[in-house]
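In what follows, a single structure is set out as structure tokens and then discussed.
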């Protein structure tokens, strides 16, 4: 069974500047910006996605190894989970 991660929509608002995703944590009043690869993954997180799907997206988009993609995805998820910007969705796949 794989966990599904989703943006904690009631806690944040965001905008796509065309270069980066800028996220405002409404509870903590902090801004965060996602880099290019984070911008690729953010729409997946908005709709709910698994770690494996995120890794596959980076491998496909950037032609990198699964190991490198997994490290990037794990770093992103760790940071977003720590800040309560994403959560593990109920009824994970």
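Below, the figures for the structure above:
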read-out	value
Criterion: surrounded by 16 or more Cβ atoms within 10 Å (Cβ to Cβ) and touching a residue at least 24 places away in the same chain (Cβ under 8 Å) - qualifying residue of 28, 48	48
Scan of the range 47-87 for residues that are part of a strand (DSSP E or B) and either modelled with pLDDT under 95 or over 24 Å from residue 30 (Cβ atoms) (or both), ordered by number	50
Residues of the range 62-85 satisfying the condition of being touching a residue at least 24 places away in the same chain (Cβ under 8 Å) and farther than 23 Å from residue 9 by Cβ	62, 72
Filter result (touching a helix residue (DSSP H, G or I) at 6+ places or on another chain (Cβ under 9 Å), over 22 Å from residue 90 (Cα atoms) and outside any strand (DSSP E or B)) within the range 1-34	19, 20
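The values are calculated or read from the model by the stated rules, or taken from the named source; none is laboratory data. Just so it is clear, the model here is predicted, and its values are computed rather than measured. Note: ideal-geometry Cβ built from the backbone for every residue, glycine included; neighbour counts use all protein chains shown.
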